[in-house]
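The values are calculated or read from the model by the stated rules, or taken from the named source; none is laboratory data. From a predicted model like this one, the values you see are computed outputs, not experimental measurements. Cβ: placed from backbone, ideal geometry, glycine included. Neighbour counts: every protein chain shown. Accessible surface areas use protein heavy atoms only, side chains included; no ligands, DNA or RNA. Shrake-Rupley method; radii C 1.70, N 1.55, O 1.52, S 1.80 Å.
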Amino acid sequence: MSILEQKTFLTSIHPFEHLNKVQLEDFAQSIDIVYFKKDEVIQKEAMQPTFLYFVLKGIVQEKNQEEVLSIYQKNEIFDPVSLIENYSKNTFVTVQETICYALPREIFINTLHENVELESYFFQTISQKLNKNIHNEKNKEMANIMIAKVKDAKIHKAVILDSEKTIFQAATIIKKEKVPTLLLKDDEGEIYIVTDSDFRQKVILNRMDFDDKVIKIASKGIIHVNENDFLFNAQLIMAKFGMKRVVVKNDEQEIIGILDQISLSSFFATNTFAVSNEIVHAETVEELKLASHSFIKIIKSLNAKGVKIEFISKLINQLNKKLLDKLYKLFAPKELLEHSCLVVMGSEGRGEQILRTDQDNALIIDDACTLDVKTIQEFTHTFTETLVDFGFPRCKGNIMVSNPYWCRKTSEFKDLIYAWINEPNPDNLMNTAIFFDAACVSGNKELLSKLKDYLFNVGGDSQTFNSNFAKVITSFDVPLGFFDGFVVDSKNSQHKNELDIKKGGIFIIVQSIRALCLEKHIFKTNTAKRIEVLTQKGIFDEESAQELIMAFNFLSKLKLKFGLEKLDKKEEIDNYINPDNLNTMEKDLLKDSFKIVIKLKKKLDYHFKLSYV
C-alpha cells in the first residue's frame, strides 16, 4: 500500500480517526506489513508485547490455555490492553494465513499519552464505550435534519374558497375547519391568502362590515414550495421573503396544504409539546388520530438529534399514555370510567416501546361495577378497533382489552393470578411476565396495585416458581459464537444473514431483571429503574449495573435504527438486524453487549440454580 492508502486504512479503524496529521503521519511511516502462516503464534501468554496489530487479511484467535476467548478478523486490532499493561495475559495464534500491519509499541504508547481521544477510548470500561458511542452518533445523525422534507412537517389543510365569500362566511369556515389560514381563488384562477391575524387586525380593529367580501382583507403574492423540497430550504425561503407561511404543492402542481412558521419551528424542536397539547385538547377521535400520526416524526427527529434512547422512550411513552387515557375517556361508559383501570403491558408497560409493534393492554374492572357484559364488550371492541385505525397493530397473541381473558373484574383477575402461580406452564409464566410489567394509563390505579400485591402474596418466596419463571431465558441463545463471531440465520430466506436482537439480547436482559424483581417484590416496571433498585439491594455492583443499562440501551438503539430504516422502506418492522450493515465500532460494541448478556445469564443460572430446574 502507498502512504496515502495506509493513512486511509488507519483512519477507517475506530478510534484512530482522531489522530492528528502529525500522529497519522508517524503511524503511517512506522507500520510494517507482516505475514503469518496458519497456526503460527503471534504473541505468547506472559510475554512483553512489542506491536499493535491491524488485521488486513486472515483470522487470529485469542486463547487462554485451549479456550478461545475472542477472534480478530479484517479491519480489527489486537491487543491494545497487552501493550498498555506491557504484559500479555493470553496467546494470539492464527487460524489461517494472515497479513497484518504491525505498529511498534513505543509509537502507540507515546501517541496514547498525547491524544486525549485515544487515551480516553482505550482506558474506558465497556459501559463508558457504549455511552461514548451515543455521543459520537449525535454529530453524525444531525445531518439527517438537513435532509428532512416539507412533507415531514405538519402541513395545515388547504381550504380554498371562491372570492365571493363574505367575511362572516369565511370566519365561520375557519372555525369549522379548525385551520389558521384560508385560500381564495378568483375568476381568473389567481390565489389569495387570508389568515386568522387578518381577521383580528383588519376586520375588528377597522370595524369592517361582516358582510363585506373577504377578498378585501386577502393578500396576493403567494410563494409555493413542493412537498418533496427540503424543509431547510422552505425555512430559507420564508426568511428571505419575510413570510410566515408558504403554500405546498405536489408534483402535479396541486395545492395540498400550507406550511407555516409555527409548524416549521415545531418540527425542528421535535414538536413534542405541541403534540401533547393536541392530545389534551382533542375533542373528537379524528383530532386524536391526527395527533397520533405525529409520533413517528417526533421519534425520527429526536433520534436524528442524537437524543439518548432512554429519553426517546420516556417521551413517546408519555405521549402514548396521554393518547390512551384520552381515547378511553372519549369512549368508556361513565360507570366504567369510575370503576376500572386501563393498563398497558409488555414493553409499553415498561415504558420501553418506541415504534408501534402491537397492542398489549388489559382492563381491570372493579367488582362493584354493575355494567352488563354486552355493554363492556361493545366498548372494548370499539376501543381496540380505533387503536388499529390509529396505527397500533393488533397483538398476535390477542393480549388486548377486546379479548375477555384480559378484560375482567378484580376477583376474576385474582383467580387468574392464582392459577398462573400454582400451575407454572409456559402460557402461565408468559402471562405472569406480561402482567407484572403492567402500568396504569387511565382510571383507578389502586386496582392494579392491589393485584400486584396479590401476585407477590400468592407467589410468596416460592423458589420453585421463581426458578421456573427465570428459566425462560435458557430457551434463548445469545447470537455470539464460540469464536466471537455473530451467529446469524442462514436458513431463513426472509432473514438470511440476520440475527434477532430482541430474542438474543433485549429479552434476556428484560426477563432476567424481571425475574429478580419478582423475587424481591419490586414494583418498578422500567428495566433500567429495576436494575437501579436491584443494585441498591446489593444484587449488582455499580459497575455491573452500569454495564447492563448501557448494553440494554445500545441494543435498543440498534433495534430502533433498523426499525426506522425498515419503516422508511415501507417494510414490516421486526427485531432482525444485519451485522454486516454495522460499522466496525458498532460491531465491537454489539459483541461487548452480547458478552454482558452472557454474563447476566450465568449470574441467573447460579442465582436460581437453573441447571436443577
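Miscellaneous remarks
- nm² value of the averaged projected area, convex hull over the Cα atoms of the stretch 150-269: 7.6
- The length gained on full extension between SER475 and ASP580, counted as 0.36 nm times the residue separation minus their Cα-Cα distance, comes to 35.2 nm.
- Computed from the C-beta positions of LEU337 and PHE122, the FRET efficiency with R₀ = 41 Å rounds to 0.10.
- Of ARG207, ARG530, the residue with the largest accessible area leads and the full order is ARG207, ARG530 (1.4 Å probe).
- Axial C-alpha extent at least 20 Å, average Kyte-Doolittle at least 0.0 - helices from the chain (DSSP): 309-331, 373-390
- Fraction of beta bridges assigned by DSSP in the stretch 150-269 that are antiparallel (%, nearest 5): 70
- Semi-axes of the equivalent ellipsoid for the stretch 284-460, Cα gyration tensor, largest first, Å: 27, 21, 13
- Distance between the pseudo-spin-label points of PHE311 and SER462 (7 Å out from Cα toward the beta carbon): 4.4 nm.
- With eigenvalues of the C-alpha gyration tensor scaled by 5 and rooted, the stretch 470-612, Å: 27, 17, 14
- The three principal axes of the C-alpha atoms in the chain carry coordinate ranges of 96, 68, 43 Å, sorted with the longest axis first.
- A simple spin-label model places the labels of ASP453 and GLU25 7.4 nm from each other, with each point 7 Å out along Cα-to-Cβ.
- Contour excess over end-to-end distance, with Cα ends at LYS185 and HIS18 and 0.36 nm allotted per residue: 54.2 nm
- Between LYS244 and any residue 5 or more places off or on another chain, the built amide H atoms are never under 5 Å apart.
- FRET efficiency for THR172 and GLU446, using Cβ-Cβ distance with R0 set to 60 Å, rounded to 0.05: 0.80
- Charge dipole of the chain about the Cα centre (unit charges at C-beta), most positive-ward option of SER301, LEU448, ILE258: LEU448
- At a probe radius of 1.4 angstrom, the accessible area of the stretch 150-269 per residue rounds to 57 square angstrom.
- Accessible solvent surface per residue of the stretch 470-612, calculated while the other protein chains remain in place, 1.4 angstrom probe, Å²: 47
- Rounded accessible area of ASP489 (nearest 10 Å², 1.4 Å probe): 50
- Share of carbon and sulfur in the accessible heavy-atom surface of the chain [1.4 Å probe, %]: 51
- For the stretch 547-613, GluC sites (Glu not before Pro) are listed when DSSP marks them as loop and at most 14 other Cβ atoms sit within 10 Å of their Cβ; the list is GLU571, GLU572.
- Gain upon complete extension [ILE99, GLN318; 0.36 nm per residue less C-alpha separation]: 73.5 nm
- Each DSSP beta bridge with both residues in the chain is either parallel or antiparallel, and the antiparallel ones are about 85%.
- With semi-axes defined as the square roots of five times the eigenvalues of the C-alpha gyration tensor, the equivalent ellipsoid of the stretch 3-123 measures 24, 17, 12 Å, largest first.
- LYS37 accessible area, 1.4 Å probe, all protein chains in place, Å² to nearest 10: 130
- Calculated FRET value between LYS503 and VAL533, using beta carbons and R₀ = 30 Å, to 0.05: 0.70
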